[in-house]
Structure formats: structure tokens, C-alpha cells
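All remarks here apply to the structure that follows.
The values are calculated or read from the model by the stated rules, or taken from the named source; none is laboratory data. These numbers were taken from a predicted model, which means no experiment stands behind them. As a convention, Cβ positions derive from the backbone with ideal geometry for all residues, glycine included, and neighbour counts pool all protein chains shown.
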Amino acid sequence: MEKSILLTRQKEHQKSMMNYKDFELSIQVSEPYPFNLESLMKIETNQWVKNQWPLVYFLKNEGASKAYIGESNNASQRLKNHLANPKKANLFQTVNIIGSDKFNKSATLELESRLIQYINAEGTFTTENLNLGHQNHNYYQQHLYRNLFYTVWQKLIEKKIVSKSLTEIENSELFKYSPYKSLNDDQYKSVLEILTDINNSQGNSIFVSGSAGTGKTILATYLMKLLVSDINDIEDTDIKEDDIYEISLIKEFQKKYPKAKIGFVIAMTPLRETIKKVFNNVPGLKKQMVMSPSETFKLGIKYDLLIVDEAHRLRQYRNISWRGEFKKKNELLGLGDEGNELDWIMANSRNQILFYDAAQSVKPSDIDEFRFTELLNRPNTLRLSLKSQMRTKGGNDYITFVDKLLNCDVNKKPDLPAGFELEYFNSFNSLYNKLKIKEAENGLCRMIAGYSWEWKSDPKRKENLDLNAIDIRIDGMEFQWNKTYNDWITSENAFEQIGCIHTTQGYDLNYAAIIFGLEIDYDPIQNELVIDKTKYFDKYGKNGVTDINDLKSYIVNIYKTVLYRGIKGIYIYACNNNLKQYLKKHLNNNEEINSNTENKINSPRIIPFESVKPFVNAVPIYDIKVAASDFTDPQYYEEFSWAELPMQVSPKKGYFIAQVFGESMNRKIPNGSYCLFEQYTAGSRNGEIVLAECTSIQDGDYGSGYTIKEYSSTKSFSEEGFRHESIVLKPLSYDDSFENIVLSEDEIIKFTIRGIFKKVLIWI
């Protein structure tokens, strides 16, 4: 593990150095200054403080493990204000200044936000910051500043302020469920609407719906931290313009509910125990705030607010192991057997915020959807929706594809971003080996399967218990189910075990290997998924279910839910032959493209020039072999043909279309395909497919001068900057006879990238 972490740190440092050279930006982290009035004059000699540059500062008390991160373009005055605050003056002992000659207000605001997130999750310090204003914003050259965060973090490691790598932090529970996460627009608007609604009502229910990965849990923890924050402790100089309205809403809530009784309800034991650990490390939050639905009775009075995460997993009086206790709770409220945990929450609170996704209901004990629909249709229920995909790098296109795949309604694999992998494996051994490599590189890679094998090694098993029993055999390989119920994902030897829905729902993974078990298959005649109840071993997941379609719905939801777990990639294997063929057909992008385009290459839709609005309704079509002077800067628009893009693609300045011939790139681009390119301007090109020009290039597909290949380069750095030592242009072909084009240092001088490949275009 230590070796892996060291390699991760080295990679992060190399990446930061590359961006540092490209951007020519220097970042300085000062030595610690004493944080007192006597040291202000010395602090004011710091070049960034003296010249009133936008900067970030880091207050800390190492003995108490407390920190505060702020930003200002008048740090001298800001620190004076902090010293006038007895709480800060007495708590913090030193201050570090983080400055740069390229910093601007937007950059320091984002750096402040990211440092708060990472410092708190790193564990050396707990941050005393409130979680106001953590909202994503766009600004000029944002991607360069974001990359430079690696440099800042490396400097903090070198100064022994922190010790963990960014990869370690990002894989931790404290980071993934931190209330300091930056919110997207959906989430932030929801915060304001929720607070407004609670403040304006005498008791209300709020429904926040969203599919897996839309940030429901992040929003829930953000709200918990926000509502218990001591707003009166905020200094006027700390308040940003965007925070004013949010602060006024919090003050109104705290005035309406002084010393508000707020609880965070999670039905699923593993996730509940994880969130307890997180709350225990965040100032203002306590693990006692996190509770099961039955624990909402413990006060004996109504909560002012209950926030319910994963509300679709609330249970009803059906197919559960603790029927006696459940019945007692119903009797306390005068409810019969129809009473459920949603009823308990409604009865035990004045206000409720329910985070809900019907598609993640996976057991018959989960409350029927119509009960939630009844609540949704009440006139005093506020309905909100989260739509932006935050977990998986595959984005909303991937989520839509999974839904279509499991409904047997898929036409083609989506065009997924380069940073996300979706791959089907015929061999389970191959899947395991590739996942093992990803685990060594990234950590947090796990195997998850449908409940198609008996859990013989279950420590709670009463009969024929064998803790060493093999539970799962696939292609000659042997595994046990997850060895623990709680926090299995981060437990020892978790990689060598296989998890189920109950230990993974609600969690994020870097890569997830999803195993479709023997209980699920594909019927090619009816074009639908089918279920074998006899091969489904979750007794509480099937007992009492008389309608096979109901059981199928639960099982399909299980696979849908676990297919959303992977941030960077999903690997898939199926046990049944018909399902193997179905998945292979729709998950093999290359076969799909070739079958769709062979002998029927569709042509662009040319627009008459009088109707052309350049880069608004059309983009130009270029011949790859035209003169370079005309290639990327059409001075005379009328000299080119202009075509509309397919419905799912929006025109953008710099986009152009070119037809790609040959077999050297047929793994990604079938021969004869029309492709979308973007004019290259700046930034890293490594790993990108590029359209390149160089007089020394000899390409079998294009002859001399031009080529389309995957780009990689090696650089050397010096005090003057960096230089390319070599450039390699790699074919991506099923034909192994195509060789790399390698440009020497002398040839690189004549080398130009004309465009970056975006996608193969298909007009319907």
C-alpha cells in the first residue's frame, strides 16, 4: 500500500509540474507566521500580502488539530479582523500564506473551497469553517487553476502540514460524504428552496428526487451542517455576496426553531454507520444525530426536522426479520400492520426532507411506491429534482444507457467521455486481473454480484456455519461474499471478496466489476430479461413475492443500482449464455459502430450557404488534404461546404467535420466515417486522438503530410521551460501491421496539430 501511495504522489507531482511549466505559474506557500498582533508587521512584508494580491491563508492550531482556511485580496485587514475575534485569536497559533502572481479572485475562491474539502477529510486537522458558499462556478482558464491544486497540495506535504495524497483522501469516507463539498446549480437552488419552504410553513414535507449519483447524500449532509452552524460567529468580512441570502434564510430558520432538534435518518445499516463516522469528525455535527427510523421515537417528542437519505429503502411490515419490534412501533402510533417507517417519520417530526429514487427499491420490504406517491400529491409537499450526474464520469448519457440496456430498449452504446471505461468481459479471469491492476493504481475497486449464490460463510448463519466456506465459483475462481455487513467497501481484504447490493448501495467506487448471476438471463425471442426465482438466494428479497414481475423489478433495480457505483469505470460479466451474447452485442462499441456504418456510411446534411449561420446552425467540412493555411481559419466562409450536426451534438466555434479513410484507426473510427473535430488551441494532448500535419509524416491511409492517430509525447524540463524529446502517433487498429509514427526532435519543429477528434458522427 505504501508503495502504491508513493507512486500516486509521484504521478500527482509529475502532473502538477507539467501544468506548472505549461502555465508558467509559480505558487508559494510561506513558512508559518505567528498568529498574533505583534507579528502583523512581519506578515505584511509578505509580497502577496504587501501588494494586496488575491491569496489564500491557512490558520492552524497543531496541538488542537484545528484549522481555518480563508481567502482575501486584503489579507492584512482580514487577519486583523480575525485577531479581533476572541474565538479565532485564542484558538489559532500560526498562519501560512498561499500566493501566486497569477491568482485572481475566482481562482482563490475555488482554491479556498477545495482546501476546506481536502483538509477536513485528510484528518490532520478539522476545519472550523462553515460550509457556506461552496458552489461550483466557471471562470477563465479554470482547468489550469484546477490542475495546479496538485502543486499546492504537494507543497503542503513538503512542509509537513498534511501527509496523505489526494488519491488517499478522495477514496476516504470523510471526503465522499463531506458536508464541505461544492454544490452544483441543481443542489444550491434546492438548498434555497428547501430553507424558504420550511421557513414559510408550519410543518411540511419536502421531496427531493434524483437517480443514483445526482448528489442526494451530499446535499443532505450539507443541509445538516448548514442548519446547525453558529451563524452569529460569522465575521462581516467573511461574508461573500453570494452568501447573504443563504445566511438570512438560516437565521430565519434558527429564529423559528431555536436549538432545533434535527435528525438524519438512514434505513440502511452500513451507510448509517459510515455517516456516523463522518459526523464524528465534523465540528457541529454529532454521530448521535444519525439514526435509524426506529430511533426517531427516542426523544419522545417531535423533531423539528428529520432529513431522510435513501428514503426508498424505508421499510414496511412485510418480509422483515424483526416483526415483533416493528409491530410495537406501529402500536405506539395507533397503526395496524399497514403502518411503515415513513409513517413513523411523519408522526415524529414537524418537517421532513425525503431524498428518494424509486428505481433503487430492491426488496419487498421496501415501502411500495404508491405510498410515496400519496405523500407527493399532498398540497403542502414541495417537490424538487436533482438531474446533474455527479458520481460517474460517464455522465447522464451513461445513466440513460444503463436504463435502456436493462429494459432491452438499447440501440447503441453512448459516446462516453475518455475518462470513463465501460467494458464487457467474456472471461471472468480477465475481468479480475484488469480490476486488480486498477485497484493497485486507484484503490477502491470492488466486485459486486447479484444474489445468485448462497451465503454459506455468513457469520449470522445459524445452521451449518462454516466461516471459511467458499460461496461463489466462477470460471474456476473461488470467492466468499463480503465478510462484514458494515463498511465492507473499506474493510481489510475487501478486494478479494464479492459484495452484494446491501453492502454497496449508497457508496462510490472508482471501478466496479458487476457480475450478472444465474438468477437473471435474456430471452432473445421476447427481447426481455427473465428471472429464475430458484437461483435467487436473498430470502428476504423474495419470500412472499407471488408475482414474478414484481421480483423481476426488484432484481433489475439491484443491477441498475450497482451499475451506477463506478466513478471511473464499470466492468461487466454475465454467467448465463444468452445474457452474455446480449451484453456483448451492446457493450462492444467497435462492433456496434462497424455494423452500423459498414456499406452504409451516412452523409452530412449540407446547408445552402445563404442559410448558414457559422457555428450556430452549422460547421464547415474540410478535406484533410487541403492547404494548411485554409484548414482551421476559414477567412472566406463561402468557400466551404457547411453541414448541420446530428441532433445530439451542438455546434461550437472551432468545430469542423472531416471524412476519415483507412483502417489504421478502425478500433475507434470505421473506414469512411465522417467525424467531428475541434480546432486545437492549447492544453495537454496526451491520450487524445489528433489530426496532425508534418512534412515528414508518411501515413498509409493519407500519404505524406497528414495523419490521424493517438498522440503521446515525452518532455524534458529545464530552467528555460520544457521541450518535447519525441512524439509518438499510435494507430488504434485491429490490424497489427500498422506501426507507430515516431517523430524525432528535429521533425517536431515542423509538426502541427490541426484538430482534436471528438466523435464519429451518425445522422439519423
Restricted to the range 179-202 and to residues being more than 24 Å from Phe279 (Cβ to Cβ) and of a type in the set (Ser, Thr, Tyr), the residue modelled with the highest pLDDT is Thr196
Which condition breaks for Ile399 when tested against (1) in contact (Cβ under 8 Å) with a residue 12 or more places away in the chain; (2) not assigned by TED's automatic domain parsing to the domain that holds Leu579? (2)
Can you name the condition, by its number, that Ser248 falls short on among (1) in contact with a Pro (Cβ under 7 Å, 6 or more places away or on another chain); (2) free of Cβ contacts under 8 Å to residues at least 12 places away in the same chain; (3) of a type in the set (S, T, N, Q)? (1)
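Within the range 300-308, is there a residue that is touching a residue at least 40 places away in the same chain (Cβ under 8 Å), touching a Lys or Arg at 6+ places or on another chain (Cβ under 6 Å), assigned by TED's automatic domain parsing to the domain that holds Ile218 and more than 26 Å from Ile218 (Cβ to Cβ)? Break it down stepwise before answering.
Applying the first criterion (touching a residue at least 40 places away in the same chain (Cβ under 8 Å)) to the range 300-308 yields 301-308.
Restricting the remaining residues to those that are touching a Lys or Arg at 6+ places or on another chain (Cβ under 6 Å) gives 302-304.
Then drop every residue that is not assigned by TED's automatic domain parsing to the domain that holds Ile218, which leaves 302-304.
Imposing the further condition that a residue be more than 26 Å from Ile218 (Cβ to Cβ) reduces the set to 302.
Scanning the range 300-308 turns up at least one residue that is touching a residue at least 40 places away in the same chain (Cβ under 8 Å), touching a Lys or Arg at 6+ places or on another chain (Cβ under 6 Å), assigned by TED's automatic domain parsing to the domain that holds Ile218 and more than 26 Å from Ile218 (Cβ to Cβ).
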Of (1) in contact with a strand residue (DSSP E or B) (Cβ under 7 Å, 6 or more places away or on another chain); (2) buried (at least 23 other Cβ atoms within 10 Å of the Cβ), Gln316 fails just (2)
With the condition kept exactly as written, say whether any residue in the range 323-344 is surrounded by 15 or more Cβ atoms within 10 Å (Cβ to Cβ), of a type in the set (D, E, K, R) and farther than 29 Å from Leu551 by Cβ. no
Please give the number of the condition Glu478 fails out of (1) among the charged types (D, E, K, R); (2) touching a residue at least 24 places away in the same chain (Cβ under 8 Å); (3) not in a loop (DSSP other than H, G, I, E, B). (2)
Output the number of the condition that Tyr145 fails; it satisfies all remaining conditions of (1) of a type outside the set (Gly, Ala, Ser); (2) under 17 Å from the mean Cα position of the chain (by Cα); (3) closer than 26 Å to Leu59 by Cα; (4) in a helix (DSSP H, G or I). (2)
Where a residue in the range 59-71 is closer than 8 Å to Phe125 by Cα and assigned by TED's automatic domain parsing to the domain that holds Ala107 and its partner, wherever it lies, is buried (at least 21 other Cβ atoms within 10 Å of the Cβ) and among the hydroxyl-bearing types (Ser, Thr, Tyr), with Cβ under 7 Å and at least six apart: Ala67/Thr127
Residue pairs qualifying under the 6 Å Cβ cut-off, at least six apart or on distinct chains, with the first in the range 462-473 being within 19 Å of Ser452 (Cα to Cα) and the second being among the β-branched types (Val, Ile, Thr) and surrounded by 12 or more Cβ atoms within 10 Å (Cβ to Cβ), are Ile472/Ile498
Val530 vs (1) touching an Asp or Glu at 6+ places or on another chain (Cβ under 6 Å); (2) in contact (Cβ under 8 Å) with a residue 24 or more places away in the chain; (3) farther than 20 Å from Lys568 by Cβ: all pass except (2)
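Of all the strands (runs of 3 or more DSSP E) wholly in the range 368-458, which have at least 3 residues that are closer than 26 Å to Trp488 by Cα and in contact with a Phe, Trp or Tyr (Cβ under 7 Å, 6 or more places away or on another chain)? It would help to see each step written out before you state the result.
Working: elements: 381-385, 421-424, 445-449.
Output list is empty.
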If you go through Gly569, Gly544, the only one that is in a strand (DSSP E or B), in contact (Cβ under 8 Å) with a residue 40 or more places away in the chain and small (Gly, Ala, Ser) is Gly569
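Every residue, every condition in (1) outside the structural domain of Thr490 (by TED's automatic domain parsing); (2) without any contact (Cβ under 8 Å) to a residue 24 or more places away in the chain; (3) over 22 Å from Ile474 (Cβ atoms), yes or no:
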site	(1), (2), (3)
Glu374	yes, yes, yes
Pro414	no, yes, yes
Phe428	no, no, no
Gly450	no, no, no
Glu454	no, no, no
Which listed residue, of Ile119, Ile161, is modelled with pLDDT of 90 or more, over 28 Å from Ala682 (Cα atoms) and not in a loop (DSSP other than H, G, I, E, B): Ile119
Note on the range 55-111: residues over 32 Å from the mean Cα position of the chain (by Cα) and of a type in the set (A, V, I, L, M) are Ala64, Ala75, Leu79, Leu83, Ala84, Ala89, Leu91, Val95
Under the condition of being assigned to a loop (DSSP other than H, G, I, E, B) and within 26 Å of the chain's Cα centre (by Cα), which residue from the range 306-359 is farthest from Val562 (Cα to Cα)? Leu314
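Are any residues in the range 405-462 aromatic (Phe, Trp, Tyr) and in contact with a Leu (Cβ under 6 Å, 6 or more places away or on another chain), and if so, which ones? If you could, list the steps in order and put the result at the bottom.
Going residue by residue through the range 405-462, those that are aromatic (Phe, Trp, Tyr) are 420, 424-425, 428, 432, 451, 453, 455.
The answer is Tyr424, Phe425.
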The strands (runs of 3 or more DSSP E) lying wholly within the range 688-757 that contain at least 1 residues that are at pLDDT 85 or above and farther than 23 Å from Ile621 by Cα are 703-718, 721-730, 741-743
Test each condition in (1) at pLDDT below 80; (2) surrounded by fewer than 16 Cβ atoms within 10 Å (Cβ to Cβ) for Lys613 and report the one that comes out false. (1)
Restricting the range 169-189 to residues that are in a helix (DSSP H, G or I) and out of contact with any helix residue (DSSP H, G or I) (no Cβ under 6 Å at 6 or more places or on another chain), which is surrounded by the fewest Cβ atoms within 10 Å (Cβ to Cβ)? Asp185
Pull out all pairs, ordered by first then second residue, where Cβ-Cβ is under 8 Å, the residues are six or more apart or on different chains, the first lies in the range 667-681 and is outside the structural domain of Phe738 (by TED's automatic domain parsing) and farther than 22 Å from Ala618 by Cβ, and the second is in a strand (DSSP E or B) and at pLDDT 90 or above. none
